[in-house]
Amino acid sequence: KKGNYDHFMQKEIHEQPHSLTTTMRGRLRDGSVVLGGLKDNLKTIRHSRRIIFVGCGTSYNAALAARPFLEELSGIPVTMELASDLLDRQGPIYREDTAVFVSQSGETADTLLALEYALKSGALCVGITNTVGSTLARKTHCGVHINAGCEIGVASTKAYTSQIVVITMMALAIGADSLSTQSRRESIINTLPGLPEKVSEVLKLDGEMKDLAESLMEMQSLLVFGRGYNYATALEGALKVKEVALMHSEGMLAGEMKHGPLALVDETLPIIVIATRDACFSQQQSVIQQLYARNGRLIVMCSKGDAASVCPGGSCRTIEVPRVADCLQPVINIIPLQLLAYHLTVLRGFDVDQPRNLAKSVTTQ
Ligand code: UD1
Ligand code: F6R
C-alpha cells in the first residue's frame with residue numbers, strides 16, 4: 001500500500017498534489033465555490049455574531065492558518081479554541097455563534113465533547129472532517145468533507161493542507177454576497193486550480209530538506225518563527241518535528257520575539273524564519289536583522305528569487321518556495337517543514353508512522 005515509498009508519512013506528503021485536487025473536485029464552478037454541505041446554512045453563518053473554530057493539534061493549526069482570510073471575507077470576528085481548553089473553561093457560546101469543529105478523524109474525544117457542549121448552547125455547529133460517517137460528521141448540523149483520502153501516518157500531513165483549502169473555500173462561499181470583496185475573491189478562485197501544480201514544485205525540495213536534516217539531526221532544539229498567515233505554519237512545522245523526530249521544537253509568533261524568546265538566541269540554536277512575500281514581509285525582514293545581530297543560526301524560508309536579498313551578508317541558509325496568493329501560501333510553506341520532519345526522523349532512527357506514545361485518533365480524554 002505504500003507503493004514506492006518507505007513510509008506512509010512520506011507517501012502522504014508526496015500525495016498532496018493529488019489530495020488537494022480531490023478536495024477541490026466539483027467544488028469550483030463557473031468562477032464560484034460550491035460547497036454542497038454548507039449551501040443551506042450560508043445565510044445563518046453570514047448573520048452570526050462570531051465564528052469559533054474548535055480543534056486539537058494539527059486540525060487547530062489548519063483553522064489558524066485560514067483564519068485571517070475568513071475574517072477578511074466575512075467581516076465576522078473569528079476566534080480560536082483548543083477543544084480541551086474550551087471545555088476546561090466552559091467558555092461561553094451563544095446561539096448567535098457559528099462553531100466550526102475541525103477534525104481529520106472526526107473521532108477525537110475532546111473535539112466531540114466540545115461539540116456536545118456547543119450543541120447545548122443553540123449555536124450552529126459545522127463540521128470539517130476527512131471521515132465520512134464519523135461521529136463528528138453525524139452530530140454536526142452541517143459541514144464539509146475534506147476528501148483528502150485515507151490518512152494512515154500518525155502525523156497529519158495531507159489532511160492539514162486539505163483542511164486549509166476547505167476553510168479557504170468556506171470563506172469564499174460565506175463572502176460570496178459581498179461586492180466590495182469581489183475582485184479579491186475572483187483572484188483567489190482563479191488561482192485555486194493551479195495550487196496542486198505549485199505543490200508539486202515545492203516537493204522538489206525533498207533532497208534539499210534531507211541535506212538540511214543532516215545538518216540539524218544532532219541538535220537539541222529548533223525554533224520556527226512565523227507571523228500573519230504563516231503563524232500557523234510555524235506552530236505546525238514545530239509540531240511535526242517534535243512528534244515524529246522527537247526533537248524539541250517550538251513555533252513562535254515572530255511579533256512576540258522581543259517579549260521573551262529573543263533571550264534564547266545564540267550561535268548554536270537553529271531558527272527557521274518564515275519570510276515569504278506578503279503584507280508581513282518587511283516586519284519579518286527586521287526580525288531577521290535582529291536575529292542576525294545576535295549571531296542567530298538562521299534558516300530563512302523565502303519566496304523564489306529572494307534568497308540573495310533576505311539574508312544579511314548572504315550568511316544564512318535559505319529555503320526558496322514558489323509564491324502563491326497570500327492566503328494559500330501556508331499550503332506551500334508547510335511542505336518543506338513536513339519533509340524536514342520526515343528526514344530528521346529517519347536520520348535519527350525513530351519510527352516515522354508510529355511515533356512513540358501517540359495514537360492516530362485520540363478517543364479518550
Ligand atoms: C456530496 C457527496 C459526494 C457527491 C456530491 C455530489 C457524500 C458524503 N458526499 O458531496 O459523494 O459527489 O455530493 O454533489 O455523500 N456534513 C456534516 N458534517 C460534517 C461533514 C459533512 O453534517 O462534518 C454533511 C453536509 O452538510 C452534507 C453531507 O454531510 O449534508 C455531505 O457533505 P460533503 O461530502 O462535504 O458534501 P458534497 O461536497 O456536496
Ligand atoms: C499531529 C496530529 C494530532 C492531531 C490531533 C487531532 O500530526 O496528528 O495533533 O491533529 O490529535 O486529530 P483529529 O484531526 O483527528 O481530530
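Ligands, DNA and RNA left out, the 1.4 Å accessible surface of the chain is 49% carbon and sulfur atoms. Compute the separation of the alpha-carbon centres of the stretch 41-66 and the stretch 187-228 and state it in Å as a whole number. Cα centres, the stretch 41-66 to the stretch 187-228: 25 Å. Relative to the longest principal axis of the Cα atoms of the chain, helix 206-216 runs at roughly 60 degrees.
Applying a 4.7 Å cutoff between beta carbons, the unpaired cysteines of the chain are CYS56, CYS125, CYS142, CYS150, CYS280, CYS302, CYS327. Looking at the chain alone, DSSP beta bridges between its own residues are antiparallel in about 5 percent of cases. Legend: calculated FRET efficiency, GLN354 to ARG95, from the Cβ-Cβ distance at R0 = 45 Å, rounded to 0.05, equals 0.60. For the chain, the longest principal axis of the C-alpha atoms and the axis of helix 329-348 are separated by about 60°.
Only Lys, Arg, Asp and Glu carry charge here, each on its Cβ (+1 for the first two, -1 for the last two); on that basis the stretch 42-153 has a dipole of about 440 debye about its Cα centre. Under the combined filter of DSSP loop state and at most 15 neighbouring Cβ atoms within 10 Å, the stretch 191-285 retains these GluC sites (Glu not before Pro): GLU218, GLU267. Each part reduced to its alpha carbon centroid, the stretch 294-361 and the stretch 102-155 end up 29 Å apart.
For the chain, a Gaussian network of Cα nodes joined below 10 Å ranks VAL287, VAL54, VAL102 by mean-square fluctuation, and the top entry is VAL287. Dimensions of the stretch 11-126 from C-alpha coordinates, computed as largest minus smallest value along each principal axis and given longest first, are 40, 34, 22 Å.
Taking amide H positions as placed in the peptide plane 1.01 Å from N, state which residues far from VAL100 in sequence (5 or more) or on other chains have amide H under 5 Å from it. Residues meeting the criterion, in which the H sits 1.01 Å from N, are ILE52, PHE53, VAL54, VAL126. Its DSSP H runs of at least 4 residues, each contributing -39,500 (n - 2.57), put the calculated 222 nm mean residue ellipticity of the chain at -13500 deg cm²/dmol, to the nearest 500.
The charge dipole of the stretch 142-206, taken about the Cα centre with unit charges on the Cβ atoms of Lys, Arg (+1) and Asp, Glu (-1), comes to about 80 debye, rounded to the nearest 20.
Which residue fluctuates the most in the chain, going by a Gaussian network model with Cα springs under 10 Å, if the choices are HIS14, HIS259, HIS141? Top of the fluctuation ranking is HIS259. Over 18 Å apart at the Cα level, from the set LYS158/LYS198; LYS158/LYS204; LYS240/LYS304, are LYS240/LYS304. On a 0 to 90° scale, report how tilted helix 158-174 is relative to the longest principal axis of the chain, with both axes built from alpha carbons and the result rounded to the nearest 10. Orientation of helix 158-174: about 50 degrees from the principal axis.
Take the chain and mark each of the chymotrypsin sites (Phe, Trp or Tyr not before Pro) that is in a DSSP loop with at most 15 other Cβ atoms within 10 Å; the longest unmarked stretch, sites excluded, is 95-349. Gyration tensor analysis over the Cα atoms of the chain returns equivalent ellipsoid semi-axes of 32, 23, 21 Å (largest first, whole Å).
Using a probe of 1.4 angstrom and keeping all protein chains present, the accessible surface of the chain works out to 41 square angstrom per residue.
Would you look at the GNM of the chain, springs on alpha carbons closer than 10 Å, and say which of ASN295, ASN147, ASN333 moves the most? Highest fluctuation of the listed residues: ASN295. Note: relative contact order over the chain, using C-alpha pairs below 8 Å and six or more positions apart, is 20 percent.
The label-point distance for ASP85 and THR21, in a model that sets each label 7 Å from Cα toward Cβ, rounds to 3.8 nm.
The values are calculated or read from the model by the stated rules, or taken from the named source; none is laboratory data. What you see is a predicted model; the values in this text were computed from it and never measured. Ideal geometry is used to build each Cβ from the backbone, glycine not excepted, and the neighbour counts take in all protein chains shown. Surface areas here come from the heavy atoms of the whole protein model, side chains and all, with no ligands, DNA or RNA. Shrake-Rupley method; radii C 1.70, N 1.55, O 1.52, S 1.80 Å.
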